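K.L.:
Quick one: the structure is below, and I'll ask about it shortly.
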Amino acid sequence: MTLTLTDVTLTYPDGDTRLTALDRVSLTVPAGTLTAVAGPSGSGKSSLLAVAATLVTPDRGRVAVAGTETSGLGRADKAALRCDRVGIVFQQPHLLPSLTALEQLQVMAHLSGGSVRASRGRAMELLAAVGLADRANRRPHQLSGGQRQRINIARALMNEPAVLLVDEPTSALDHERGAAVLDLLLGLTKERSTATVMVTHDRAHLDRVDRTVVMKDGRLSAPGPVRAAPGATGA
Ligand code: ADP
Ligand code: MG
């Protein structure tokens, strides 16, 4: 099991009271599977990803990433865990305007203390995996929205994460490009055995994921079984 949230509650200050963004949420995502979290805007989906990423500490409950229980970790240890084990695809790509597609990926190696030069091979391999090997030297303004989103996904995979967290990857794309991005995420999840969580307010394409859960007012519908993935080892 690669990502486990147990009984997680998260509140935010809201005037004199507190707003409950996550209400006793439990979810286990096995390696090599993709769970979609659907639900309307404001239901707590991004909050769920922030907690799973250890970016936000919940009021109560536990988060285990790739077998590491995170509640006892300090800031530096959490940052190291994120760097090594977690890939995050934020809703907005936040690509650096002056860097090429290849360099956007190589920055990740640099941030984790690796050699930029040595990361070239892996960055090129990932650009090929997302179908952009021939765009390696393009800058963001020379790429389409769908291509930028694919670079965003490839970048999140640079450090071989065990857990891949993806926020609304299809929201800015038309139906066909949205379907292509979902296919890409499913393929990468199987190939690289990531425990993937994709949140979305858009119910299109969800027939193809391993499992869909629904978030409403901070509560998660009872997660059903993960659809048996061909070739998956369980784990
Ligand atoms: P979703 O991603 O499903 O749209 P969010 O997780 O962003 O939902 O938000 C869930 C609820 O928490 C919303 O009511 C939102 O206004 C509130 N919220 C989100 N982030 C913060 C924050 N940093 N401070 C206060 N309230 C927040
Ligand atoms: Mg959101």
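The values are calculated or read from the model by the stated rules, or taken from the named source; none is laboratory data. Predicted, not measured: the structure shown is a model, and the values here were computed from it. Heads up, the Cβs are rebuilt from the backbone with ideal geometry, glycines too, and the neighbour counts pull from every protein chain shown. SASA here: full protein model, heavy atoms, side chains in, ligands and nucleic acids out. Shrake-Rupley method; radii C 1.70, N 1.55, O 1.52, S 1.80 Å.
K.L.:
Taking the Kirkwood radius as the inverse of the mean 1/r across Cα pairs, report the Rg/Rh of the chain.
P.N.:
For the chain, the value is 0.96.
K.L.:
Sticking with this one: What whole-number volume per residue, in cubic angstrom, does the convex hull of the C-alpha atoms of the range 1-43 give?
P.N.:
71
K.L.:
Name the trypsin sites (Lys or Arg not before Pro) in the range 108-204 that are in a loop by DSSP and that have at most 12 other C-beta atoms within 10 Å, would you?
P.N.:
Answer by residue number: Arg117, Arg203.
K.L.:
So what is log10(I(q)/I(0)) for the range 1-75 at q = 0.22, 0.24, 0.28 1/Å, when the Debye sum runs over its Cα atoms only?
P.N.:
-1.02, -1.18, -1.44
K.L.:
Here is a follow-up. Probe 1.4 Å, all protein chains in place: accessible area of Thr2 in Å², nearest 10?
P.N.:
About 20 Å², rounded to the nearest 10.
K.L.:
Turning to a different aspect of this structure: Suppose each label sits 7 Å from its Cα in the direction of the beta carbon; what would the Arg219-Asp84 distance come out to in nanometres?
P.N.:
3.8
K.L.:
In whole Å, largest first, what are the principal axis extents of the Cα atoms in the range 75-151?
P.N.:
Dimensions of the range 75-151 along the principal axes of its Cα atoms: 37, 28, 23 Å.
K.L.:
Moving on. Over the range 3-220, what is the relative contact order in percent, taking alpha-carbon pairs closer than 8 angstrom and at least six residues apart?
P.N.:
33
K.L.:
Let me ask something else. Rounded to the nearest 500 deg cm²/dmol, what is the calculated helix-only ellipticity per residue at 222 nm for the chain, with -39500 (n - 2.57) per DSSP H run of length n ≥ 4?
P.N.:
Roughly -9000 deg cm²/dmol at 222 nm, from the helical runs in the chain.
K.L.:
Shifting gears a bit: Rule-of-thumb check for the range 97-206: C-alpha Rg over 2.2 N^0.38 Å?
P.N.:
1.04
K.L.:
State the percentage of accessible surface on the range 102-235 attributable to carbon and sulfur atoms; use a 1.4 Å probe and exclude ligands, DNA and RNA.
P.N.:
Using a 1.4 Å probe with all protein chains present, the range 102-235 comes out at 50 percent carbon and sulfur.
K.L.:
Starting from 0.36 nm per residue, how many nanometres of slack lie between Ala172 and Ser41 once their C-alpha separation is accounted for?
P.N.:
Answer, rounded to one decimal: 45.7 nm.
K.L.:
At a threshold of 8 angstrom on Cα-Cα distance, excluding pairs fewer than six apart, so keeping six or more, what relative contact order does the range 137-234 reach in percent?
P.N.:
For the range 137-234, the relative contact order is 22 percent.
K.L.:
Something else about it: When DSSP assigns beta bridges and you keep just the ones with both residues in the chain, what percent turn out antiparallel, to the nearest 5?
P.N.:
50
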